[in-house]
1. Tyr106 passes all but one of (1) under 21 Å from Lys154 (Cα atoms); (2) at pLDDT 90 or above; (3) aromatic (Phe, Trp, Tyr); which number fails?
2. Among the residues of the stretch 57-89, count how many are open to solvent by less than 50 Å² (accessible area, probe 1.4 Å) and farther than 10 Å from Ala39 by Cα.
3. Need pairs with beta-carbon distance below 9 Å; first residue within 10 Å of Phe92 (Cα to Cα) and among the aliphatic types (A, V, I, L, M) and within the stretch 131-145, second open to solvent by 70 Å² or more (accessible area, probe 1.4 Å) and assigned to a helix (DSSP H, G or I); sequence gap 6+ or separate chains.
4. Report yes if Arg161 is over 30 Å from Val29 (Cβ atoms) and either open to solvent by 70 Å² or more (accessible area, probe 1.4 Å) or in contact with a strand residue (DSSP E or B) (Cβ under 9 Å, 6 or more places away or on another chain) (or both), otherwise no.
5. Residue under question is Leu30, and the condition is that it be surrounded by 16 or more Cβ atoms within 10 Å (Cβ to Cβ), modelled with pLDDT under 90 and more than 16 Å from the chain's Cα centre (by Cα); does it hold?
Amino acid sequence: FGLGHFAEAAPGADPRLAALEALIDRKIVLDLARESRSADPAEIAAAAGELRRSTGEEAFAAKLAKFGLGARNLEAYLEERILYDRALAARFGQGLPVSLTEIERYYRDIYVPERNRQGVAVEPLEDIDDALEARIRERRRDQQMADWVRDLRKRADIQIRKDCLK
């Protein structure tokens with residue numbers, strides 16, 4: 001299933017530990033956002049429908065069966081995902097300013113070399129400046145979110161017992 005903000009395990013890393021780390025991050029954010037502790041059943045149903053569509057009906061059913069779950073078993077997970085996204089949007093939803101100089105630098109230093117490596121035509125800056133600005137904002141927001149969650153983790157009392165992961 002799509003795990004939303006769950007990070008992929010680094011090559012050679014224990015995927016169970018990576019999943020645990022992502023779950024801890026999620027729980028810390030959810031605990032901080034206690035005031036919005038429930039999602040509307042319609043939101044949960046919409047999230048379930050989107051998951052079915054994005055996964056494909058057969059793959060969705062197969063994944064549920066693999067873990068011995070029914071569709072209703074996902075409701076708690078989907079509600080937490082909605083609340084997590086809502087907490088992050090409330091904290092980081094406001095637009096981050098991006099200067100024209102940053103867009104030009106991104107175009108020159110990242111976009112053009114990336115397109116050249118792919119052997120794809122490079123579009124003129126004026127045609128894609130809005131898309132590049134959005135990409136810069138997203139990267140900046142992702143970094144701010146990661147920094148914020150890392151700070152929350154430092155303040156939380158977290159104990160990981162690696163022997164329980166075996």
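1. Of everything listed in (1) under 21 Å from Lys154 (Cα atoms); (2) at pLDDT 90 or above; (3) aromatic (Phe, Trp, Tyr), Tyr106 misses just condition (1).
2. Result for the stretch 57-89: 9.
3. Note: pairs meeting the criteria are Met145/Arg91.
4. It is false that Arg161 is over 30 Å from Val29 (Cβ atoms) and either open to solvent by 70 Å² or more (accessible area, probe 1.4 Å) or in contact with a strand residue (DSSP E or B) (Cβ under 9 Å, 6 or more places away or on another chain) (or both).
5. No, not satisfied.
The values are calculated or read from the model by the stated rules, or taken from the named source; none is laboratory data. As the structure is a computational prediction, the values presented were derived from the model and not from experiment. Neighbour counts are summed over all protein chains in view; Cβ atoms, including those assigned to glycine, are modelled from backbone coordinates with ideal geometry. Note: accessible area is taken over every heavy atom of the protein model, side chains too, but ligands, DNA and RNA are not part of it. Shrake-Rupley method; radii C 1.70, N 1.55, O 1.52, S 1.80 Å.
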